[in-house]
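Worksheet for the structure shown next.
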Amino acid sequence: MPTFNIATVNVEGDDLILIILDHAFGDKKFEAQSEILMEFQKRAVAAGYKGNVIPVWSSAAGQINFMAPRHLHPFFKTVTPQYIAEHFKKQLSW
């Protein structure tokens, strides 16, 4: 059963489900990333979470990467490893 660390937050009125993914997610083609996100979205809704799934992952160089709507980029640029340690306390499993 896969288990992923998540955080639920509201940013600028948008409910979001932030999910930590392996750095390999960033190496996938856009189509593969989109398919993965659709599956996570379906699983999150089924688990009772509200909002859009936003993937967060670290690059090989340790930089925090994300895939989010442009108007949310300022928030995601402030996400640090410390923020992740403090906020990603929930889990999504199936």
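Structural remarks
- So ILE6, is it of a type in the set (A, V, I, L, M, F, W, C), surrounded by 11 or more Cβ atoms within 10 Å (Cβ to Cβ) and in contact (Cβ under 8 Å) with a residue 40 or more places away in the chain: yes
- Filtering region 44-63 to residues that are in contact with a Pro (Cβ under 9 Å, 6 or more places away or on another chain) and either exposed (fewer than 12 other Cβ atoms within 10 Å of the Cβ) or closer than 18 Å to THR8 by Cβ (or both) leaves ASN52, ILE54, GLY62.
Any read-out appearing in this document is the output of simple, stated calculations on the displayed coordinates, not a laboratory observation. Note that the structure is predicted; figures quoted are calculated from it, not measured. Note that we place each Cβ from the backbone using ideal geometry, even for glycine, and neighbour counts take in every protein chain shown.
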